[in-house]
Amino acid sequence: MRLKADITLFLIAIIWGSAFVAQRVAGQVGSVYIFNGARYLLAGLVVLPFAWRAGRIANPPYMPRDQYKWMLIAGFFLFIGSALQQAGLTYTTAGNAGFITSLYVVLIPILLFFFWGEKPHWLFIVAVVLAMAGAFLLSTGGKFAAIRLGDLLEIIGALFWAFHVIVLGKYAHSFESMSFSVGQLVVCGLLNLALGLAVEPMPVFDANLLFAIGYTALLSLGLCYTLQIWAQKHTPPADAALILGLESVFAVISGWLLLDERLAGIQILGCVMIFAAVILSQFKEWTSGTIDHDHLVEGR
């Protein structure tokens, strides 16, 4: 069972990594919020049958009142994170976006320290320094120049992904996960769609954009979310941390294979440093039990 779970997590990492290519395609079309609105609402519909089967969403009045509050809060952070991520992908590569987004794992202990007073382990300090140096090399190529706009948006987005993870780990653990997922996906989708209809021209829903919506909604968000919940119940936390950390690597590989995106040697070094920092931070946090990682499911 553990081997099947590890293989499942490996496939999830591949899908999540390659999803950055689909998002990059949508970004080149110029769609940010409407694209996000469509894929998150569709993902909510995908997860809805599983939530219904869990027996909690069939009678919404009987869900705890606090669940509605935290679904709104989690959905809001998911909205900000996803909006910044997609906006960044209009200016940067899929590989850059994948690695920089993974910085949210390193940012979690910083936020826990400043907002919840939880003192970080010394390994986190090492991880933060390593990650920031890696992000600098990846974005600037080692030159003391301004960080590219797309990469800056991804860095700010990683901050909100980190807040989202903390909300899930600290406040959502007492709620049924499937119904909570549907709620936050719908909130995120509606906020993105509302903003998009207000500030964006309606994109042309050609084959590329429809594929990007379908791939990210059905596979990256819908299928992978469900599989991850099962897999993390049958494999040690350290295994899950290591395997899911490969997502950023697959983002670079997918960008290279499908979009012909290339990195200079100094940028590859930056990727290696970020990956090492993420794995270092994940491994310690997973083993320390600071946050309930059964609920660390990011919307991609």
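What follows is calculated from the coordinates using simple rules that are stated; it is not laboratory data. Keep in mind the model is a prediction, meaning the values are calculated, not measured. Glycine gets a Cβ as well: all are built from the backbone with ideal geometry, and neighbour counts include every protein chain shown.
Table for the structure above
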{"item": "Only Lys, Arg (+1) and Asp, Glu (-1) charged, at Cβ; the chain dipole about Cα centre in debye", "result": "240 debye"}
{"item": "Mean Kyte hydropathy of 0.5 or more with a Cα span along the axis of at least 30 Å, helices from DSSP in the chain", "result": "2-29, 33-54, 149-171, 177-199, 265-288"}
{"item": "Isotropically averaged projected area of the chain, using the convex hull of Cα atoms (one quarter of hull area), nm²", "result": "15.1 nm²"}
{"item": "Per-residue [θ]222 nm for the chain (sum of -39500 (n - 2.57) over DSSP H runs n ≥ 4, rounded to 500)", "result": "-24500 deg cm²/dmol"}
{"item": "Rounded if a/c under 1.5, otherwise prolate or oblate - segment 203-282, Cα gyration tensor axes", "result": "oblate"}
{"item": "Peptides 17-23, 259-265, 197-203, 209-215 ordered by average Cβ neighbours within 10 Å, highest first", "result": "17-23, 209-215, 259-265, 197-203"}
{"item": "Relative contact order %, segment 2-295, counting alpha carbon pairs below 8 Å whose residues are six or more apart", "result": "42 percent"}
